[in-house]
Amino acid sequence: MNHKKFLIPVISILILSIGFGAFLGRYYFTAKNLEIDMQNVKIISYAPVTISNPNVDIKMDLEGTVKSTTALDVSVDSLTYTMEINGVDFGSGEVESFIASKIPSPLIIHHNAENLGLGAGIVIAELLLGNNITVEIMIISITIMGITFKPNSVSSFELNIDDL
């Protein structure tokens, strides 16, 4: 009879542990497999290259979507990324605190690139002249519940003056 009093709490704790472990495993799988698709860039402001200032400063919004691959909603603590346009480094950045759900939701990243140099100025000039440019945004890391994942997800797309 004494064994029953001991057995019921142990079984209850075991069942709760298995359930919680299964949830954490599914959450981990979902977090590791988020679908992030960047699709457009909107230039907000641009300080062009001049003789007195050979560096380019540009503010832009990177527009895309984020989606959970399962029915679980995932709360993302932070996301880090880098951006290249026509092979020229346009810097890196971080986005904090957003939710990824089964239904794709907008993800807008405010990107400030400063002191980029002449190469970036040439890329922007090509865009303003009507040439297509290739934008590549690489997701470096995603942090969820204090755990950092390295998805190495890359979004690549063509951009032209009509898209702005």
Where Rh is the Kirkwood radius over Cα pairs, Rg/Rh for the chain
1.23
Segment 67-114 and segment 40-54: distance between their alpha carbon centers, rounded to Å:
23 Å
The helix 118-128 Cα axis meets the longest alpha-carbon principal axis of the chain at an angle in degrees, between 0 and 90 and rounded to 10, of 80 degrees
In percent, what relative contact order does segment 2-163 have, based on Cα pairs under 8 Å that are 6 or more apart in sequence?
24 percent
Could you give the dipole magnitude of the chain about its Cα centre, charging the beta-carbon of Lys and Arg +1 and that of Asp and Glu -1, in debye to the nearest 20?
1300 debye
Does anyone have the angle between helix 2-32 and the longest principal axis of the chain? Alpha-carbon axes, 0 to 90°, nearest 10?
10 degrees
Proximal lysine pairs, segment 2-163, alpha carbons under 28 Å, eight or more residues apart or interchain
12
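We did not get these values from a lab; they are worked out from the coordinates using the rules stated. None of these values were measured; they are calculated from a predicted model. All Cβ positions, glycine included, derive from the backbone under ideal geometry; neighbour counts span all protein chains shown.
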